[in-house]
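J.: Pasting in a structure now, in structure tokens, and then I'll have a few things to ask.
The values are calculated or read from the model by the stated rules, or taken from the named source; none is laboratory data. Computed from a prediction, not measured in an experiment: that's the story for all the values here. Neighbour counts are summed over all protein chains in view; Cβ atoms, including those assigned to glycine, are modelled from backbone coordinates with ideal geometry. Each accessible area value is taken on the protein alone, full model and side chains, heavy atoms only, with ligands, DNA and RNA left out. Shrake-Rupley method; radii C 1.70, N 1.55, O 1.52, S 1.80 Å.
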Amino acid sequence: MRVSRFSPVSALLAVSFAAALPVAADSGSLGAHTHGEASMQVAVESQRIDVLFRSPAANLVGFEHEPRNEDQKAQLDDVVEWLGTTPLVNNLAGDCLVVDAVVHTQRDSGRKRHDDDDHSHDDDHHHHAAADSHSEFDVSQQLRCESDSLQGLTTELQDRYPAIERLIVDWVTDNRQGQLRLTGNSRTISLDR
């Protein structure tokens, strides 16, 4: 198990992110799942930025089922690699680097599994279960930036993954917080509002 040391700003971000997560543990549901929309929470402290990002898989890979062929497996691997190594936000100087990242995918079939079910199912049943499934990406990153002047941040997410039509960003610094929605060509997160 990896243990990370959190600053007060990072701890606030972690608590706010946990509070925003849907009540999935008991219900087995991922909650709201809107294609075209993703969310990001950003905590900035001096030269450190902590990022939490959540998106439906359809926004990133174009499908939500298990990869069905080698092309889809390669596409999924490419997305996981990019999300784990590329800063999801960067300062205006562009000098932030990923120092720690976790990329997690989760699936919700919308149905309970029939692990103890011995009888066979017809193709319609399997098709229905696949149509009801949802898959999401959850990403956490810790970034270290050379510059400590962080008046604004930028993101490449919507350029890399144009299916993200709306990116809802919650941000916090040691003396400010805010929320904004990035749509269209907007890619800048102003931290001085």
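J.: I'd like to check something: does region 142-150 contain any residue that is open to solvent by less than 30 Å² (accessible area, probe 1.4 Å) and over 20 Å from the mean Cα position of the chain (by Cα)?
T.: There is at least one residue in region 142-150 that is open to solvent by less than 30 Å² (accessible area, probe 1.4 Å) and over 20 Å from the mean Cα position of the chain (by Cα).
J.: What residue, among those in region 85-120 that are acidic (Asp, Glu) and outside any loop (DSSP other than H, G, I, E, B), is modelled with the lowest pLDDT?
T.: Of everything passing the filter in region 85-120, ASP108 is modelled with the lowest pLDDT.
J.: When you scan region 27-40, do you find a residue that is open to solvent by less than 30 Å² (accessible area, probe 1.4 Å) and modelled with pLDDT under 50, even just one?
T.: Taking every residue of region 27-40 in turn, at least one turns out to be open to solvent by less than 30 Å² (accessible area, probe 1.4 Å) and modelled with pLDDT under 50.
J.: Please give the strands (runs of 3 or more DSSP E) falling wholly within region 142-193 in which 2 or more residues are touching a residue at least 24 places away in the same chain (Cβ under 8 Å). If you could, list the steps in order and put the result at the bottom.
T.: Values: elements: 152-154, 166-172, 177-183, 188-190.
Ranges flagged: 152-154, 166-172, 188-190.
J.: Also, quick follow-up: Evaluate the following for ALA74: is it farther than 14 Å from GLN141 by Cβ and modelled with pLDDT under 90? Give the derivation first.
T.: On the way: farther than 14 Å from GLN141 by Cβ: yes; modelled with pLDDT under 90: no.
No.
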